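The values are calculated or read from the model by the stated rules, or taken from the named source; none is laboratory data. What you see is a predicted model; the values in this text were computed from it and never measured. For neighbour counting, all protein chains shown are included, and Cβ atoms are generated from backbone atoms with ideal geometry for every residue, glycine included.
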Amino acid sequence: MIHPTGGPISTGTSTGTGTTIFTEMTALAQRAGAINLGQGFPDTDGPPAMLEAAQVAIATGANQYPPLAGLAELRLAISAQRSLRYDAHYDPDTEVLVTTGATEALAAALLAHCGPDDEVIVFEPYYDSYAASIALARGRKRVVQMRPDATGRFGFDPADLSAAVSRRSRLLLLNSPHNPTGTVFDDEELAAIADCCRRNNLVAITDEVYEYLTYDGALHTPLATLPGMRERTLSISSAGKTFSATGWKVGWVCGPAALVDAVRKVKQYLTFASGPAFQAAVALGLVAEQHWVRAQAARLQASRDRLRAGLAAAGLAPYVCQGTYFLQADIRPLGVTDGVRFCRELPHRAGIAAIPSAVFYDNPADGLSAVRFVFCKRPEVLDEAAGRLTALTTLSYQEAR
Ligand code: PMP
Ligand code: GLN
């Protein structure tokens, strides 16, 4: 598509096809030698015992196709994790499916359960793969827009949710903790969503990849644990964010056997299976590295605070972030309104890359003044980035006013 401010932008279109914004911005960051606060990946590794377990698994022969549904030990570990953490019980043989990252779980779930012209309700701004997977399934996306309240926390109006439902609505896709806003949907919001799903007989797909990354005491509650929701919900998560191993692409989906079975049938022809050594290591991580995960969440909270202070010092207005890797900021206090242009110029002008939130909207104008920065980087990297941003904003943007 052609963005109103000029050249092509990669995503945020209603079909979501084209090169992803993350690829585009990472390439731009590399060309400019910029600090990459765009694509969400950490610059430190996950728990050493988990990394070692992958090496041991490779050295001891875990190198051929694993079972389609995933290694039994990993399915058991996922089932135990859902039971212990959320009191949500899934049979590891029939109700848990291991996938190639959450991305494949989302695509397979949508291809399995969304027919041509079926409507999928999605909260906007939305993660880019949703639009692409809905388009692949030939479904239609109906968005419910999230907006900041007086405190800067993004939420939605239940009236907008009701208005988005039609006779063609079949699925609701919920991402909490939410990329890019950092919102952790609260009890009241979840109750309204569950009520909507039950009344309209919707299947819910939940993207919970940031389930452990919540801050300031915010708690993640899976939608499937609300009354009447288990039987209609596919809960998706992944090891990437929990264990700082985004490249491993080990994800999973839990749900009632019939819903999971349909996902399994699609998955057969997407990847069949992948990464047995990584699966074995993630099983160990889930069982034995919960202390590392808790410590990592605390480190990320401190990193969020550090980036928030840096952005504020540079003159931006950060929004509230309760979870994830991401902090959005309003750039209007700099006297700038176009986040797409700002992000295109940032690598060369300031040596930083970020993601314009506009790309997470059907209509980019709706998110034009927000920019998403990641804080899953070492403190010194965040400080350097904030310093560069302050230098830019004091020297150029303010001079231009
Ligand atoms: N959902 C959201 C909201 C994400 O931010 C990401 C990016 N990691 C994914 C899904 C994809 O997860 P995975 O890398 O496990 O495929
Ligand atoms: N989930 C990551 C983000 O939002 C990006 C994943 C990707 O590169 N597709 O930054």
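Given the structure, is Val336 more than 25 Å from the chain's Cα centre (by Cα) and outside any helix (DSSP H, G or I)?
For Val336, the condition - more than 25 Å from the chain's Cα centre (by Cα) and outside any helix (DSSP H, G or I) - is met.
May I ask you to verify whether Ala317 is in contact with a strand residue (DSSP E or B) (Cβ under 8 Å, 6 or more places away or on another chain) and of a type in the set (Gly, Ala, Ser)?
yes
Residue check, Thr26 against (1) at pLDDT below 95; (2) of a type outside the set (D, E, K, R); (3) surrounded by fewer than 13 Cβ atoms within 10 Å (Cβ to Cβ), all met but one. Which one?
Condition (3) is where Thr26 drops out.
Identify the single condition in (1) in contact with a helix residue (DSSP H, G or I) (Cβ under 7 Å, 6 or more places away or on another chain); (2) away from ligand 1 (no atom under 16 Å from the Cβ) that Cys321 does not satisfy, given that it satisfies every other one.
Looking at each condition in turn, Cys321 falls short on (2).
Please go through region 148-185 and give me each residue that is out of contact with any helix residue (DSSP H, G or I) (no Cβ under 9 Å at 6 or more places or on another chain), in contact (Cβ under 8 Å) with a residue 24 or more places away in the chain, within 25 Å of Asn201 (Cβ to Cβ) and not small (Gly, Ala, Ser), ordered by number.
Within region 148-185, Arg168, His178 meet the criteria.
Working only within region 300-329, note down all residues that are more than 15 Å from ligand 2 (Cβ to nearest atom) and not in a helix (DSSP H, G or I).
Ala314, Gly315, Leu316, Ala317, Pro318, Tyr319, Val320, Gln322, Ala329
Filter region 78-136 for residues that are surrounded by fewer than 18 Cβ atoms within 10 Å (Cβ to Cβ), in a helix (DSSP H, G or I) and not aliphatic (A, V, I, L, M); which is farthest from ligand 1 (Cβ to nearest atom)?
Ser83
Would you call Asn201 within 18 Å of Leu259 (Cβ to Cβ) and either without any contact (Cβ under 8 Å) to a residue 40 or more places away in the chain or assigned to a loop (DSSP other than H, G, I, E, B) (or both)?
Taking the combined requirement at face value, the residue satisfies it.
Looking for whichever is closer than 30 Å to Cys321 by Cα, within 16 Å of ligand 2 (Cβ to nearest atom), in contact with a helix residue (DSSP H, G or I) (Cβ under 9 Å, 6 or more places away or on another chain) and part of a helix (DSSP H, G or I) here; the options are Gly247, Gly240, Gly285. Which one fits?
Criteria check complete, one pass: Gly240.
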